[in-house]
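Structure first, commentary second.
The numbers here are math on the coordinates, done by the rules we state, and not lab data. Computed from a prediction, not measured in an experiment: that's the story for all the values here. Here the Cβ positions follow ideal geometry from the backbone for every residue, glycine too, while neighbour counts run over all protein chains shown.
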């Protein structure tokens, strides 16, 4: 049986092929010859639709929508999942330990609030599962999906920095000695090594001015926000100013640009846009929580070990008035 | 009934069968041919076939070669020696399975045989 494909009649020009190839590359398809497979396949389908009298844009959009439930990088994940046994194991480990550690941490928080015995054991176990099993497995799986060397060093940096930060928080919560130095080294790695390298990588792959602005404001904002958290934790001066600058960068520059760029790329609101917005809401809430007055009663529940919970109220009142003076000088 | 779920398990025998009858095929050609043979009843998407093709390649059942066609790289798939013998095994398995399915979905078919 001879197959008569429409591609014999209509063929795409080089510019059109390049459009499709660029989209496949943007999806970071790096697995052996999968990119060639997909580019040729999509081109063939578009050519067949062109034969029916559609325009290139129309045909391309229709085909991507038809296959669209599975995005291109999901196809790569499916392939990786089928051919790589270790990858399968890691993904399963991630799913299980991710859920287990979250459940344990949540449980520990409740137990601690109600002063039930054993809260600390559950908390430490949850942290160990999260930091030493889930986190490395997640990074390992991501590593498998990429072949770029820069991304690999990024992965190892965030692995070390992340574990140190998580350990630091644990030490702090458990009142173990050395929390400060552990957290400090984690922050140094994240702020001075990981984020600048990430910024460099993002700037390298940025194609438009908006993408560059997105990288600068997003990663710059993150760096400043992280610094403000660090300053705040160590009670260094300037934390509040840093927090305001970081928040402004993230919320009023990065967020609109990011939403615009993503909308332009995909033509719809994607899951990652919703995720970033949720994250922003969370950040804003956290900042607000830091700034509002926590009632005395709440303080005795949340910080039972403090002798004088009113310290926090005083500190917060002071913080708010200083922030107020900074933002709106001269106003009551 | 979700047709995609039914096709999923039979995908690799289908691909092996097509490759055993053609010297070499590229991905799009496979989907076109399946659509044509089945009168449009089975449409494979690229999201479905490439993971399977890569798995078959990893298992050493198919091999690939690249050629330039219409200004782009085209990857052709063909059976290896190991793939040829596996193909006939898998096709026989599928045939047996379909026969069994026929009996299950049509109970009358089975009963009439016994009553005669």
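Quick notes on this structure:
- Burial order of peptide ranges A:168-178, A:119-129 (average beta-carbon count within 10 Å, highest first): A:119-129, A:168-178
- Extension gain from residue A:124 to residue A:259, taking 0.36 nm per residue of separation minus the Cα-Cα distance: 44.8 nm
- Label-zone membership for region A:193-219, site residue A:22, 7 angstrom Cα→C-beta point, backbone N under 16 Å: A:205-212
- Zone of residue A:181's modelled label, taken as backbone nitrogen in region A:214-230 under 16 Å from a point 7 Å along Cα→Cβ: none
- Average beta carbon contacts from partner chains per residue of B:31-38, 10 Å cutoff: 2
- Modelled FRET efficiency - R0 30 Å, residue A:30 with residue B:8, Cβ distances, 0.05 increments: 0.75
- Inter-chain Cβ neighbour average for residues B:52-63, partner chain, 10 Å: 3
- Segment residue A:114-residue A:268, length gained on full extension (0.36 nm per residue, minus Cα span): 50.9 nm
- On the basis of the beta-carbon distance and an R0 of 25 Å, residue A:248 and residue A:172 show a calculated FRET efficiency of 0.35.
- For the segment B:71-84, counting C-beta atoms of other chains within 10 Å of every residue's C-beta and taking the mean gives 3.
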